[in-house]
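Notes follow once the structure below has been shown.
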Amino acid sequence: MVQDTLARRMFLILHNPFTGKPEIGHDLLKCGLVAAALADLMLERRLGMENDRIVVADPRGTGVDEIGAFVVESIQRQPSAHTVRSWVEALTDVVYELVARGLVTDGVVRREQGGRRLLRRTADRFPAVDLLQAARPRVRLEHMLRVPREMDVPGAALAGIIRALEVERVLDVDRDRAEVRSAVAAAAEQLPIDLKSLVDGVESAVSAISLTIRR
């Protein structure tokens, strides 16, 4: 049975299911995946926020997923608490690989290695093997944005992270861009305090990524 985690949903939302290409830059994509993995653990009450720093609330947790175990163990090993931005920077590559590998193993997508372009390697592609499974997270979130009364907390967490990444354009809810941004913002306002703090931290991480790109 395929796991339904926010990190997996985010990965699928941010990739085109037909071409397998990421809809956004790779740095932002990886940031979104770490944010979604942290949100998963906060919803499970395994992590929490103290001021602007992530802390382990329950080291035992309630899940046995590989990504959650890796993230909690990584945070628990540190002698002091760190910000969302710090964890985004530290966990991006491993979380990306774990999510991608899991979706390939479960037959949702296949992996096509990226090629070389000048001095850099292009991003891997992940076209859908199971189109229904691959498209479901995006369709589900877009539906909740069209029908706000059906928005749940996991959906609002995804919306909040997408807003922090400033990539609302990946969503298609039959409205103009301003209305989409408004719907995403309204969903994010429903989040509990820890998840709002997480989204604030993601915004800080995105600002750092944007600054690096401009340099």
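The values are calculated or read from the model by the stated rules, or taken from the named source; none is laboratory data. Please read these numbers as outputs of a predicted model, since none were measured by experiment. Neighbour counts are summed over all protein chains in view; Cβ atoms, including those assigned to glycine, are modelled from backbone coordinates with ideal geometry.
Limited to the range 75-99, what total is found for residues that are within 18 Å of the chain's Cα centre (by Cα), more than 16 Å from residue 35 (Cβ to Cβ) and touching a residue at least 12 places away in the same chain (Cβ under 8 Å)?
Selection size over the range 75-99: 0.
When the range 124-170 is examined, which residues are found to be of a type in the set (A, V, I, L, M) and without any contact (Cβ under 8 Å) to a residue 60 or more places away in the chain?
129, 132, 139, 144, 145, 147, 151, 156, 159
Considering each of 177, 149 in turn, give the residue that is farther than 30 Å from residue 89 by Cβ and at pLDDT below 95.
Only one candidate qualifies: 149.
Any idea which of (1) among the hydrophobic types (A, V, I, L, M, F, W, C); (2) assigned to a helix (DSSP H, G or I); (3) more than 19 Å from residue 41 (Cβ to Cβ) is the one residue 173 doesn't satisfy?
(2)
Checking residue 177 against (1) surrounded by 13 or more Cβ atoms within 10 Å (Cβ to Cβ); (2) more than 17 Å from residue 10 (Cα to Cα), which single condition isn't satisfied?
(1)
Hey, does the range 76-96 have a residue that's over 30 Å from residue 113 (Cβ atoms) and among the β-branched types (Val, Ile, Thr)?
Yes, there is a match, as at least one residue in the range 76-96 is over 30 Å from residue 113 (Cβ atoms) and among the β-branched types (Val, Ile, Thr).
Return yes when residue 171 is buried (at least 17 other Cβ atoms within 10 Å of the Cβ) and either closer than 17 Å to residue 19 by Cα or modelled with pLDDT of 95 or more (or both) and no when it is not.
Here the answer is yes, as residue 171 does meet what is asked.
With the requirement that a residue be among the β-branched types (Val, Ile, Thr) and at pLDDT below 90, what does the range 185-215 give you?
If the condition is that a residue be among the β-branched types (Val, Ile, Thr) and at pLDDT below 90, then 209, 212, 213 are the ones that fit.
Which numbered condition trips up residue 166, out of (1) more than 13 Å from the chain's Cα centre (by Cα); (2) exposed (fewer than 15 other Cβ atoms within 10 Å of the Cβ)?
(1)
Kindly provide the set of residues from the range 27-50 that are surrounded by fewer than 24 Cβ atoms within 10 Å (Cβ to Cβ) and among the small types (Gly, Ala, Ser), ordered by number.
48
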